[in-house]
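Participant: Structure below; questions to follow.
The values are calculated or read from the model by the stated rules, or taken from the named source; none is laboratory data. Just so we're clear, the structure is a prediction, and the values are computed from it rather than from any experiment. We place every Cβ from the backbone using ideal geometry, glycine too, and count neighbours over all the protein chains shown.
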Amino acid sequence: MKSIITFLRQLNDKKIFAIFLSIVILFILIPLLQVLFLSFSSDSVYLKTLSETGLLFEGVLNTLELIFKVGFLSAGIGFILSYIMTFYKIKYHKLINILLILPLGIPVYVAAYTYSNIYFDIPLLETIFRSNFFMNGAVFIYVMFLYPYVYIASKSYLSKYLTEYIESARTLNKSNFSIFFTIILPLSRPVIIGAVLFVIFETLSDFAVVEYYGQLTLSRYINIAWFNQGDIHTASRIAIYILLIMFVLISGERLSRKNKRYSDSNNSSKPYVKDIPSLYGYILSYSFILLVITLSFILPIYQMIQSAILNRSYIDRLDIGELIYNTLLVTIISIILIICVSLVVTAIVNYIRGSKKQVLSSLFVLGYSIPSMVLALGTYLFFIKFDQFIYPYLKTIGINTMLITSSIIIIIFAFFFKFFSIAFSNMMSSYSKVDPSLFEAAETLGENKLSTMFRVNIPILRKSIIGISIILFIDMVKELTLVYSLRPFNFKTLSTEVYRYAGNEMIEVAAFPSLIIILLCSLLIIYLEAGKKNGKTRKH
């Protein structure tokens, strides 16, 4: 160990950091550059058909309609819930809070398949699932199982930053209604928009829900062009439309909050004294909370458990052990890779100052904003070319297969492209909470930046690393688009088997792997929430 530390001390920090950052940035940009490059090729027959018949334009409109409806409704539900839970005394607050977050543990495609066995028994749901406004249920599924993004972000913001503003308004005899619309809602706008962008990212990344409910969006057209038509040129061209939509949304969000300040970090320490709701408010609040929890968690879970019990004879055919092993194998390897790289990258970026730091941070969080279908396409395009290039050399040593595209390596790389941004942003947030003098003290004792990272940074950030790993695990276990699009032949995971059985109208059988995914994700979500509460208790 001493020899390793001595070696690290002798290394030239700047050269190593510059080379490492350049490699990681280039690697992250690979899928995007591949899609952009291929999109400039001449139009295919299939693309011309889509354009001339107006189907492509219809796909753009359907996509815009979907994301705006999902964004608006998820913002409304998530923010109202966060307002109720933050400013009013609610019995069983901790339990209700966890139940409102747990829908994140249910993949949207699992929810879509499950609700196909539920909605026709309940008149209200049948109306929703046959409604054009809800796009035959697709909007409902995305909203009910993605609103927790808005709820979590809004609740965190409301509980930390608005106490003094609200108390000032109370001294002016402002009503709760007036305070909500003149203070709370305007000040929360950037947080709501940012959270809604995450909801939209998830919506555009999915293809299974819109496929199942018969909605021809751009993600669905990419899937058709790539897998049904074998036309990667058309798939790349359609992917550009999705990227343009995302660029406009992200640019609009950044412009809307440019040079504006919505909160003061100094206000974050004072807790708000919660109000006791009136009888009418009590009934309304609990009814709304109960409705959301029932639709987003209790009802689908009950249906899946019932299906699993009634069809337990299928368990042996599923080979659950192999599915869990494959899922954990890809997920754990990917997490280790992402955590290791993000530790080095964040350590380097923290030493950079000014506009360079902002530019680098923007590049490193780019992956999550690229829809999974686009990312899968770009990853495949690059690595199929790479495999074709090295195949003659591999053949000379007796390897007669594509090294990356015919193995789980391509899924691991795709996971890295997609989820590195999550690790990076959370790691940077963790660094911001640590006193910089701790790192500076190590350097004054003769350590260079590289050895400081290994001897000081990693031990200090140990708890953050565990938390980030859990977040990555939850996202990766649920991920379907990347795994299904890039998996090698006969490689099965929990998510791909859910999709396969549901696609063959064997939804009851899909309940088994679905419940395992939900159980894993829910337990980890509860663990994270418990960790937050314990952290707050220790502080107080």
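Participant: Can we say Ile98 is at pLDDT 90 or above and either surrounded by fewer than 19 Cβ atoms within 10 Å (Cβ to Cβ) or part of a helix (DSSP H, G or I) (or both)?
Facilitator: Details: at pLDDT 90 or above: yes; either surrounded by fewer than 19 Cβ atoms within 10 Å (Cβ to Cβ) or part of a helix (DSSP H, G or I) (or both): yes.
Yes, satisfied.
Participant: I'd like to know if segment 384-391 contains one or more residues that are modelled with pLDDT under 80, surrounded by fewer than 16 Cβ atoms within 10 Å (Cβ to Cβ) and farther than 30 Å from Arg220 by Cβ.
Facilitator: Initial filter on segment 384-391 (modelled with pLDDT under 80): none.
Taking every residue of segment 384-391 in turn, none turns out to be modelled with pLDDT under 80, surrounded by fewer than 16 Cβ atoms within 10 Å (Cβ to Cβ) and farther than 30 Å from Arg220 by Cβ.
Participant: Let me ask something else about it. What helices (runs of 4 or more DSSP H), lying completely within segment 279-362, carry at least 2 residues that are surrounded by 13 or more Cβ atoms within 10 Å (Cβ to Cβ)?
Facilitator: Once the helices (runs of 4 or more DSSP H) in segment 279-362 are filtered for at least 2 residues that are surrounded by 13 or more Cβ atoms within 10 Å (Cβ to Cβ), what remains is 279-293, 299-310, 320-349.
Participant: Give Ser421, Ser432, Ser425, Ser406 a once-over and let me know the one that is assigned by TED's automatic domain parsing to the domain that holds Leu33, in contact with a Gly (Cβ under 6 Å, 6 or more places away or on another chain) and surrounded by fewer than 24 Cβ atoms within 10 Å (Cβ to Cβ). Talk me through it step by step, then tell me what you get.
Facilitator: Working: Ser432 fails: in contact with a Gly (Cβ under 6 Å, 6 or more places away or on another chain); Ser425 fails: in contact with a Gly (Cβ under 6 Å, 6 or more places away or on another chain); Ser406 fails: in contact with a Gly (Cβ under 6 Å, 6 or more places away or on another chain).
Testing whether each residue is assigned by TED's automatic domain parsing to the domain that holds Leu33, in contact with a Gly (Cβ under 6 Å, 6 or more places away or on another chain) and surrounded by fewer than 24 Cβ atoms within 10 Å (Cβ to Cβ) leaves just Ser421.
Participant: Would you check if there is a residue in segment 461-477 being in contact with a Gly (Cβ under 9 Å, 6 or more places away or on another chain), farther than 30 Å from Met402 by Cα and modelled with pLDDT under 90?
Facilitator: Yes, segment 461-477 contains at least one residue that is in contact with a Gly (Cβ under 9 Å, 6 or more places away or on another chain), farther than 30 Å from Met402 by Cα and modelled with pLDDT under 90.
Participant: Right, something else. Does segment 479-517 hold any residues that are within 19 Å of Thr379 (Cα to Cα) and in a helix (DSSP H, G or I), and which are they? Full working, then the answer.
Facilitator: Quick first cut of segment 479-517, residues within 19 Å of Thr379 (Cα to Cα) only: 479-489, 491, 496.
Passing the criteria: Thr481, Leu482, Val483, Tyr484, Ser485, Leu486, Thr496.
Participant: Further question on the same structure: Which ones in segment 58-95 are among the basic types (Lys, Arg) and either modelled with pLDDT of 90 or more or in a helix (DSSP H, G or I) (or both)?
Facilitator: Let us first name the residues in segment 58-95 that are among the basic types (Lys, Arg), namely 69, 89, 91, 94.
Passing the criteria: Lys69, Lys94.
Participant: Residue check, Asn132 against (1) on the phi < 0 side of the Ramachandran plot; (2) surrounded by 16 or more Cβ atoms within 10 Å (Cβ to Cβ), all met but one. Which one?
Facilitator: Every condition holds for Asn132 apart from (2).
Participant: Can you tell me which residue in segment 160-211 is nearest to the chain's Cα centre (by Cα), limited to those that are surrounded by 18 or more Cβ atoms within 10 Å (Cβ to Cβ) and not in a helix (DSSP H, G or I)?
Facilitator: Asp206
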